[in-house]
Amino acid sequence: MAANDVDVFANEEKRNLELGGHVGFDSLPDQLVSKSVAQGFCFNILCVGETGIGKSTLMNTLFNTTFENEEASHYESEVQLRPQTFDLQESNVNLKLTVVHTVGFGDQINKEDSYKPILEYIDAQFEKYLEEELKIKRSLYNYHDTRIHICLYFIAPTGHSLKSLDLVTMKKLDSKVNIIPVISKADTVSKGELDKLKIKIMSELVSNGVQIYQFPTEDEAVAEINSSMNSYLPFAVVGSVDDVKVGNKMVKARLYPWDQYRVMENENHCDFVKLREMLLRVNMEDLREQTHARHYELYRRCKLEEMGFKDTDPDSQSFSLQETYEAKRKEFLVELQRKEEEMRQMFVNKVKETEAELKEKEKELHDRFEQLKRMHQEEKKNLEEKRRELEEEMNAFNRRKVAAETLMGQALQGCSQPFKKDKDKKNFFSLPSACSLTSGRNLN
Ligand code: GTP
Ligand code: MG
């Protein structure tokens, strides 16, 4: 229904009418300007470059101020991102500027994963924005947009070309952010070397398919300057926070030990002015727009597709958000039921397994008990047997003992009557035990 409505409007014939006098909607651009000015602007710069390459100095020079800078150590175990937000004002325009520095970039022995924290940071800012956008009660009007609008990639002037770390990092970032490569500390190389280095860098970027930000040439007002500036990329910059008196004017310049200086504002000395012109004065809005319309849009599309949202069904019929939501909900419920069933089945199997194990254990215990019981009965039987034998032995012993006592009694009686008949004597001497029990004196 909604799609048909759109079609109706699209096919509707447009008619040009002439106004009889001034109505006032020509002030719409002015209204937009004053609304934007009241709202203020956000601009976020990501500085990617090795430790000590001149990131902070260039930022200070660009904005003609001194941001809080902390020197990074060369011993960081991994790359970290340090964002700092500042409120700046120029005329009546308020700018919330966030400068993000890569701390420890290029300092690790293994630099393979150096690009990852940077990529994650950029994605995290997109994710935050997407979350805000998808909220029921969203407040994008006063939302602090932290998405990176520009990545200044600092290239050391010392090499003959780009390092593999530079190429890999720029390649990984080019679909996520607008990249402007800059050759830092350009005062440390000669003009001839610098020109050669610029050509080499550009050809390496092209041959490796690295997409850097191109200043737009569609808008007539800036087409000329932008197309000429595109040919200066990568900008060779020099940064300084020192003011030097040139003539009777104080200017930002770099003073050398041999008493010469290089003035930032002098275009013959370096590309600093070109960079500032392109970045802040001419293309700042385009950088913001490209970030939203190109990089964020790509992130959003991938993320929503990952979540299962689509605009059209397989027959190229457009899907309403409601339909997509319903389809996704059904899919989710089916998946949930499948998972539930899977878990239930797993639980039943586990219970069965445990039950079988317990039964096995019970059987083992029962067998052991039976075995012990048998052993105990056998032992008991043996003991009974032994007891009987011992009792018999005891009885026999007792009988022998009684017999011996009786005989001894009789023998003693015999000894106490010395003049008994010969027969009795004979009987007595025939008993050896009796003899041993009587003293020799009595017997003689
Ligand atoms: P970390 O934040 O510690 O990674 O360093 P950084 O990249 O911010 O470098 P920083 O701006 O602190 O500069 C490091 C040193 O390089 C300082 O001594 C600066 O004065 C010097 N420096 C900065 N820019 C230039 C430049 O354009 N030319 C020369 N010759 N030296 C520079
Ligand atoms: Mg720094």
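The values are calculated or read from the model by the stated rules, or taken from the named source; none is laboratory data. What you see is a predicted model; the values in this text were computed from it and never measured. No Cβ is skipped: glycine too gets one built from the backbone with ideal geometry, and neighbour counts run over all protein chains shown. These area figures cover heavy atoms from the full protein model, side chains too; ligands, DNA and RNA do not enter into them. Shrake-Rupley method; radii C 1.70, N 1.55, O 1.52, S 1.80 Å.
Could you tell me how many degrees, from 0 to 90 and to the nearest 10, lie between the Cα long axis of helix 220-230 and the main elongation axis, the longest principal axis, of the Cα atoms of the chain?
On a 0 to 90 degree scale, this one is about 60.
Could you sort 131-137, 232-238, 265-271 so that the peptide with the highest average Cβ count within 10 Å comes first and the rest follow in order? Intermediate values should be presented prior to the final figure.
On the way: 131-137: 9.4, 232-238: 23.0, 265-271: 16.1.
Packing proxy ranking, top to bottom: 232-238, 265-271, 131-137.
Using a Cα-Cα cut-off of under 16 Å, which lysines could be cross-linked to residue 381, ignoring same-chain neighbours fewer than 8 residues away?
Partners found: 373.
Rounded to the nearest 10 degrees, what's the angle between the helix 164-173 long axis and the longest principal axis of the chain, both from Cα atoms, 0 to 90?
80 degrees
Which lysines does residue 196 reach when only Cα atoms under 21 Å apart count, and residues fewer than 8 places away in its own chain are ignored?
Here the lysines satisfying the reach criterion relative to residue 196 are 163, 185, 274.
For the ranges 73-84, 157-168, 282-293, what's the packing order if you count other beta-carbon atoms within 10 Å of each residue, average per peptide, and put the highest first? Present the calculation step by step, with values, prior to reporting the outcome.
Values: 73-84: 13.6, 157-168: 15.6, 282-293: 17.8.
Descending packing order for the listed peptides: 282-293, 157-168, 73-84.
Expected output is a single nm value to one decimal: the length gained when fully extending between residue 19 and residue 230, i.e. 0.36 nm times separation in residues minus the C-alpha distance. What is it?
Numbers: separation 211, 0.36 × 211 = 75.96 nm, distance 4.34 nm.
Full-extension gain reported as 71.6 nm.
Give me the extension gain from residue 223 to residue 112: residue separation times 0.36 nm, minus the current Cα-Cα distance, reported in nm with one decimal. Mind dumping the intermediate values first?
Numbers: separation 111, 0.36 × 111 = 39.96 nm, distance 3.90 nm.
Stretched out fully, the residue 223 to residue 112 stretch lengthens by 36.1 nm.
Order of 111-118, 99-106 by packing, highest average Cβ count within 10 Å first?
Numbers: 111-118: 16.6, 99-106: 23.5.
In descending order of packing, they fall as 99-106, 111-118.
Taking the Cα atoms of segment 114-268 alone, what are Rg (to one decimal) and Dmax (as a whole number) in Å?
Cα radius of gyration and Dmax of segment 114-268 are 19.3, 64 Å respectively.
Under 21 Å Cα-Cα from residue 352, which lysines qualify once same-chain neighbours fewer than 8 residues away are excluded?
Cross-link targets: 339, 361, 363.
State whether the chain is rounded, prolate or oblate according to the following rule on the C-alpha gyration tensor (a ≥ b ≥ c being the square roots of its eigenvalues): a/c under 1.5 gives rounded; otherwise a/b larger than b/c gives prolate, and the remaining case gives oblate. Write out the running numbers ahead of the final one.
Values: a/c = 5.64, a/b = 2.78, b/c = 2.03.
Because a/c hits 1.5 or more and a/b exceeds b/c, the chain counts as prolate.
Taking 8 Å as the Cα distance limit and 6 or more residues as the minimum spacing, I'd like the relative contact order of the chain as a percentage.
On the way: 463 pairs, mean separation 47.4, N = 444.
Relative contact order comes out at 11 percent.
Using modelled amide H (1.01 Å from N, peptide plane; none on Pro or chain starts), what sits under 5 Å from the amide H of residue 150, excluding residues fewer than 5 places away?
HN-HN under 5 Å from residue 150: 44, 46.
Percent antiparallel among DSSP beta bridges with both residues in the chain, to the nearest 5? Walk me through the numbers before you get to the answer.
Details: 19 of 37 bridges.
If I count the DSSP bridges inside the chain, around 50 percent turn out antiparallel.
With unit charges on the beta carbons (Lys and Arg positive, Asp and Glu negative) and the dipole taken about the Cα centre of segment 86-236, which residue among 114, 150, 202 sits farthest to the positive side?
Ranked along the dipole, the leading option is 114.
Taking R0 as 51 Å, what FRET efficiency do you get between residue 35 and residue 246 from their Cβ-Cβ distance, rounded to the nearest 0.05?
Working: r = 42 Å, r/R0 = 0.82.
About 0.75, to the nearest 0.05.
Taking all protein chains as present, what is the carbon and sulfur share of the accessible area of the chain, in % to the nearest whole number, probe 1.4 Å? Display every interim value, and only then the final one.
Values: 16370 of 31120 Å².
Carbon with sulfur: 53 percent of the solvent-accessible area.
Accessible area per residue for the chain in Å², computed with a 1.4 Å probe and the full protein assembly in place, what is it?
Details: 31120 Å² over 444 residues.
Value returned for the chain: 70 Å² of accessible area per residue.
Tell me, what are the semi-axes, in whole angstrom and largest first, of the equivalent ellipsoid of segment 1-143 as set by the roots of 5 times the Cα gyration tensor eigenvalues? Could the numbers behind the result be given before it?
Working: eigenvalues 398, 110, 35 Å².
Semi-axes, largest first: 45, 23, 13 Å.
Quick one: length gained pulling residue 351 to residue 165 fully straight, 0.36 nm per residue minus the C-alpha distance?
On the way: separation 186, 0.36 × 186 = 66.96 nm, distance 5.52 nm.
61.4 nm is the gain from fully extending residue 351 to residue 165.
Plugging the Kirkwood radius over Cα pairs into Stokes-Einstein for segment 215-256, at a temperature of 37 °C and a viscosity of 0.692 mPa s, what D comes out in µm²/s? Can you show the working numbers first?
Working: Rh = 12.9 Å.
Diffusion coefficient, whole number: 254 µm²/s.
Shape verdict for segment 245-397, please, from the Cα gyration tensor: rounded (a/c under 1.5), prolate (a/b greater than b/c) or oblate.
Numbers: a/c = 12.33, a/b = 2.43, b/c = 5.07.
Here segment 245-397 falls in the oblate category.
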